[in-house]
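Student: This is the structure, below, for whatever I ask next.
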Amino acid sequence: EALKSEAPDLKAAGVAALGLGQMHYNLEQFPEAAEVLKLFAKELSEDQYYRCRGLGYLILSMVESDQGKAAAGYFNLLKTRCQKDPSVANAAYALAEDSDDRGDFRKAAIYLLQFAKHPTASEDLKNIDLLMKIVQTLSDGGLISDARHYVEIAKQVGGGASNLGRELLYMEAKIAYSAQDWAAAVKTFQGYVDEYK
């Protein structure tokens, strides 16, 4: 109703659309949530109050209803209009998971790198398990220099390579292998064998 009047009340329409979309999302009615939340991409494109959260929930709803690939356009809109909003990091992480599940490892790596670089993810990057997942995904997706960068962060967070041990050494070797840096791969894999035989 707020959109149908001669002078649309964008704030009221935004509140209503976000509330209804979140309700459907929380009830795991993801297609219904996505349908309502698509208002933020079109009719509510000028809403300055709830647009970022609305687009974020739209992407999460689409991922949950197996429309992750179609959500890419909405993600581009979200990251353009709401660069520093936490919904960008949440959506990037969900899209990375979805791309990984579909076997699109390159896309998964690109989305997860966007998650990792987002300012609101800095606290998450203190979790060594998440860092190892980022390294693995970036390596699998061919983002080798980025994978190496996050190995170094993992070493700092984990208290050094020796404390992380086997898993980190294996990841470093795998990254070298993915980069076709055969000398480094052989040296690192040999170090792994020597250390853990």
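Student: Out of the residues in the range 142-175 meeting the condition of being among the hydrophobic types (A, V, I, L, M, F, W, C) and at pLDDT below 85, tell me which one is nearest to residue 104 (Cα to Cα).
Tutor: This residue is 175.
Student: Is there any pair linking a residue in the range 98-114 that is within 8 Å of residue 137 (Cβ to Cβ) to one that is charged (D, E, K, R) and part of a helix (DSSP H, G or I), with Cβ under 6 Å and at least six apart or on different chains, and which?
Tutor: Note: pairs meeting the criteria are 105/140; 108/100.
Student: In addition: What are the residues in the range 102-145 that are within 19 Å of residue 73 (Cα to Cα) and part of a helix (DSSP H, G or I), if any?
Tutor: Across the range 102-145, the qualifying residues are 105, 106, 107, 108, 109, 110, 111, 112, 113, 114, 115.
Student: Follow-up question, since we're still on this one. Considering each residue of the range 37-59, count those that are buried (at least 24 other Cβ atoms within 10 Å of the Cβ) and assigned to a helix (DSSP H, G or I), and give that number.
Tutor: The number of residues fulfilling the criteria is 9.
Student: When only residues in the range 39-72 that are of a type in the set (Asp, Glu) and over 15 Å from the mean Cα position of the chain (by Cα) count, which is modelled with the lowest pLDDT?
Tutor: If we filter the range 39-72 for residues that are of a type in the set (Asp, Glu), which is where we start, we get 43, 46-47, 64, 66.
From what is left, the residues that are over 15 Å from the mean Cα position of the chain (by Cα) are 43, 46-47, 66.
Numbers: 43: 84, 46: 81, 47: 74, 66: 95.
Out of the qualifying residues, it is 47.
Student: Give me the pairs, please: first residue somewhere in the range 19-43 and farther than 16 Å from residue 87 by Cβ, second residue anywhere and in a loop (DSSP other than H, G, I, E, B), beta-carbon distance under 8 Å, and either six or more positions apart or on two chains.
Tutor: 30/65; 31/65; 43/3
Student: When the residues of the range 65-80 are filtered to those that are touching a residue at least 12 places away in the same chain (Cβ under 8 Å) and in a helix (DSSP H, G or I), which remaining residue is most open to solvent (accessible area, probe 1.4 Å)?
Tutor: As a first pass, look at the range 65-80 and keep what is touching a residue at least 12 places away in the same chain (Cβ under 8 Å): 65, 67-69, 71-72, 74-75, 77-79.
Still in the running and in a helix (DSSP H, G or I): 69, 71-72, 74-75, 77-79.
Working: 69: 150, 71: 0, 72: 26, 74: 40, 75: 1, 77: 52, 78: 0, 79: 72 Å².
Checked the range 65-80; the qualifying residue most open to solvent (accessible area, probe 1.4 Å) is 69.
Student: Quick one: would you say residue 83 is open to solvent by 20 Å² or more (accessible area, probe 1.4 Å) and assigned to a helix (DSSP H, G or I)? Even if it seems obvious, please write down each step before you answer.
Tutor: Working: open to solvent by 20 Å² or more (accessible area, probe 1.4 Å): yes; assigned to a helix (DSSP H, G or I): no.
So residue 83 fails the test.
The values are calculated or read from the model by the stated rules, or taken from the named source; none is laboratory data. This structure is a prediction, so every number in the text was calculated from the model and none was measured. Note that each Cβ is placed from the backbone with ideal geometry, even for glycine, and that neighbours are counted across all protein chains shown. All accessible areas refer to the heavy atoms of the entire protein, side chains included, with ligands and DNA or RNA removed. Shrake-Rupley method; radii C 1.70, N 1.55, O 1.52, S 1.80 Å.
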